[in-house]
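A short write-up of the structure that comes next.
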Amino acid sequence: MLMDEYRSPWRTPEVEQFQETARRFWTAELIPHVERWEAQGHIDRGVWKRLGEMGFLLADLPSGYGGGDGDYAHLAALVETSAACGFGPGFGPHYIVGHYLHHYGSEAQKRRWLPGMASGDIVASIGMSEPGAGSDLQGIRTRARRDGEHYVIDGSKTFNTNGHHADLVMLAVKTDAALGAKGVSLLMVETRDLAGFRRGAPLDKIGLKAQDTVELFFDQVRVPVSSLLGTAEGQGFAQMMSQLPYERMLIGIRAVCNMERALELTLAHVHQRQAFGQPLFKLQNTRFELAEMKTEATLARLFVDQCIGWQQEGRLDAATAAMAKWWGTQKECETIDRCLQLFGGYGFMREYPIGRMFVDSRGQKIYGGANEVMKEIIARQLVPR
C-alpha cells in the first residue's frame, strides 16, 4: 500500500531522533508508574524535573529562555509519543503557557518564568474555565480589581490540568466587567505562599486519571500589576483567540495518533482472536470495519500533517485548526468505539489498552473548546465569494 511508505513532511531525521529519545524515556520512566499515579490522581512532582532534564519541556522555544531551539514539529513529536505510549503527563497546558509568555510577555516576565518552566522547577497551568463559563470565555466571572500597584482577584476556576502542582497559573480575569470581551485580561499568578489562594482536591474524572485536574479558588488574592500579560488591560480575549490554534492542533495531533494506535492494537487482536473456527479477521464485517477506519485515519493523518506545516509557517488560522480539532476528535472517538467492539468483552476491561483509550479519548471533544464551538468558528467563515 502506497500509504505504508508515507512519511510526515515535518518529521526530519533530527525530529525522529528526538522522538525516539522521548519514546525510550516514556517506556522506562513513565509507563511503569501509571497505575500508581492514576490511583493518587496526579503524577509525582519529580517527573517534571526529569522532563526538564531531558529537554522535553518548552522544546519549541529559544535556548536563551531555557528552551530547546526546536519548533512545532518537536512538540508534535512529544504529543505523538505520549499518545503512542498511552499516557501523557499533562505537559500540553505547560507548553501553552510558555507559548503565551514567549509571544506576549515582557522581557522581565520571560526571564522570570520561562527558564524555570523549561527546567521543571516551575509547573504551569491555565485558569480559563469556570463553573459557569467553559467554552464561552466572555462569560467568565473571576474579577481582578486594580488597587494601587496590585490587582485583587476574586473568583474560581475549574478543570485546571496541572493545578495540583501548579506554581504559575495563567489566569483569565475580568478587569472591566462592563466591557465584555474587551474587559478580559490575562494575569500570571505565582501560587507559592500566596495568601487567599486555595486548591481543591483532584476531580474524579472518568478518564485521564493520572493527569491532575482540580478547582482553584481566589479570595482577595493580591498580585503585582507586573503580572499582567501584555501591554495593557483588556487584551486577554484577543490573545486567547489568536493563540488557540496552537492548542487545538495539539488535540488534533493526539486524535490522529490515537486512531492509529487503536487500529494497530485491533489489527493484532483480530488476527489472533478466533471466532467460528477462524481468525476474527477472516469475517467480512471485521475487514470492512478496519478498511473504513484505516481510510479515515489516513485522511486524518494527511490533514493534520498539513496543518502542522502551516503552523510551522505561521499560517494556520482559527477555522482550519477548528476543523482538525472537531473532526479529528470525532473520528478518534468513533474509531476507538468501533475497535473496542471488535475486542468484545475484553475491550471492556481496563487491563486492555483499548478500554482505557475509550474513556481517555472522550474529553478530547470537550476541552480546548467544545466541538460544537469549533463548528461555529468554521461556519462564521462560510460566506459567499
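Points to keep in mind about this one:
- If the condition is being aliphatic (A, V, I, L, M) and part of a helix (DSSP H, G or I), then segment 188-245 contributes Val225, Ala238, Met240, Met241, Leu244.
Here's the yes/no breakdown for (1) surrounded by fewer than 17 Cβ atoms within 10 Å (Cβ to Cβ); (2) under 15 Å from Ser8 (Cβ atoms):
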residue: Tyr246; (1), (2): no, no
residue: Glu260; (1), (2): no, yes
residue: Ala268; (1), (2): yes, no
residue: Gly314; (1), (2): yes, no
residue: Met323; (1), (2): no, no
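- Taking segment 28-46 as the range and being among the aliphatic types (A, V, I, L, M) and within 12 Å of Ala210 (Cα to Cα) as the test, the residues that pass are Leu30, Ile31, Val34, Ala39, Ile43.
- Residues located in segment 61-93, provided they are crowded, with 18+ Cβ neighbours inside 10 Å, at pLDDT 95 or above and in a loop (DSSP other than H, G, I, E, B): Leu61, Gly66, Gly67, Gly68, Gly70
The values are calculated or read from the model by the stated rules, or taken from the named source; none is laboratory data. In this text, all values refer to a predicted model and were calculated from it rather than measured experimentally. Counting neighbours? That spans all protein chains shown, and the Cβs are built from the backbone with ideal geometry, glycine included.
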